[in-house]
1. For residues in segment 173-189 being in a helix (DSSP H, G or I) and in contact with a helix residue (DSSP H, G or I) (Cβ under 6 Å, 6 or more places away or on another chain), which is farthest from Arg68 (Cα to Cα)?
2. Tell me, please, whether a residue that is crowded, with 21+ Cβ neighbours inside 10 Å, over 15 Å from His191 (Cβ atoms) and touching a strand residue (DSSP E or B) at 6+ places or on another chain (Cβ under 8 Å) can be found in segment 128-143.
3. Among the residues of segment 92-100, are any without any contact (Cβ under 8 Å) to a residue 12 or more places away in the chain and either outside any strand (DSSP E or B) or of a type in the set (Phe, Trp, Tyr) (or both)?
4. Determine whether Gly119 is modelled with pLDDT of 95 or more and either surrounded by fewer than 20 Cβ atoms within 10 Å (Cβ to Cβ) or of a type outside the set (Asp, Glu) (or both).
5. Of all residues being surrounded by fewer than 24 Cβ atoms within 10 Å (Cβ to Cβ) and touching a Leu at 6+ places or on another chain (Cβ under 8 Å) in segment 93-104, which is farthest from Met140 (Cα to Cα)? Just the residue, please.
6. Restricting attention to segment 32-39, does a residue exist that is more than 26 Å from Gly162 (Cα to Cα) and free of Cβ contacts under 8 Å to residues at least 40 places away in the same chain?
7. Among the residues of segment 129-155, write down those that are part of a helix (DSSP H, G or I) and within 15 Å of the chain's Cα centre (by Cα).
8. Hey, can you tell me all the residues within segment 190-221 that are assigned to a loop (DSSP other than H, G, I, E, B) and at pLDDT 65 or above?
Amino acid sequence: MTVSVVFPAHNEAARIGASVRAAKALPEVAQVIVVDDGSDDETASLAERAGAKVIRLSANLGKAEALRQGVLAAVGDVVLTLDADLGESVAEAARLLQEVTSGRADLAIATLPKRPHRGGLGLVVGLARFGIRRLTGRLMQAPLSGQRACRRQALLELGDLGRGWQVEVRMTIQALRRGLSVVEVETAMTHRATGRRPKDVWHRGGQFVGVAQALWYCWRS
């Protein structure tokens with residue numbers, strides 16, 4: 001099976017080059033796509049320099065739309081979606097690919113090393129975990145993990161994954177409802193920690209709203 005790697009990226013110039021280079025070294029990778037979600041730094045040019053195919057969005061349209069654009073451009077049998085700030089720890093994604101390419105899973109989701117919750121992130125994770133369990137019966141350890149490998153055809157068949165920060169929760173619920181095999185895989189991936197600056201608090205607030213919207217949609221559908 002061939003693999004397409006998709007990075008949604010917004011202002012990730014600091015780490016995108018290392019992330020792309022590590023992705024290109026993964027087994028069976030046919031292409032690495034960086035969807036530049038309206039960045040105002042050098043994310044796009046550095047991704048191209050590292051060897052990625054870059055899709056430029058004219059404005060910051062959010063993670064769900066960036067992923068949608070990347071998946072539509074993917075040519076691999078398997079799509080690996082990764083956060084752009086993982087750097088060299090992208091190598092750990094090989095563990096996800098093994099689960100899908102071997103046929104053991106349709107969707108593999110990475111769990112990352114536990115860190116103390118800061119600034120309200122625990123509330124967002126807790127809401128996502130509670131909602132997914134209530135709607136599907138499945139307790140997810142990493143309900144908001146963006147590190148995911150999925151068969152491309154299965155991913156396309158999941159349909160609309162919402163907007164912005166709704167994407168992970170809706171993807172998980174819709175996959176479980178369709179009877180897909182979903183596994184969580186322990187990894188040592190690490191990404192940039194968010195702090196307590198106003199923009200970080202705003203980021204977490206946006207996540208909370210997105211998760212709530214995703215759960216409301218899935219409850220009604």
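1. In this case the residue turns out to be Leu176.
2. Within segment 128-143, one or more residues are crowded, with 21+ Cβ neighbours inside 10 Å, over 15 Å from His191 (Cβ atoms) and touching a strand residue (DSSP E or B) at 6+ places or on another chain (Cβ under 8 Å).
3. Scanning segment 92-100 turns up at least one residue that is without any contact (Cβ under 8 Å) to a residue 12 or more places away in the chain and either outside any strand (DSSP E or B) or of a type in the set (Phe, Trp, Tyr) (or both).
4. So Gly119 fails the test.
5. Ala94
6. No, segment 32-39 contains no residue that is more than 26 Å from Gly162 (Cα to Cα) and free of Cβ contacts under 8 Å to residues at least 40 places away in the same chain.
7. Within segment 129-155, Arg152, Leu155 meet the criteria.
8. Thr190, His191, Arg192, Ser221
The values are calculated or read from the model by the stated rules, or taken from the named source; none is laboratory data. For clarity, every value in this text was computed on a predicted model and none was experimentally measured. Neighbour counts run over all protein chains shown; Cβ positions are idealised from the backbone, glycine included.
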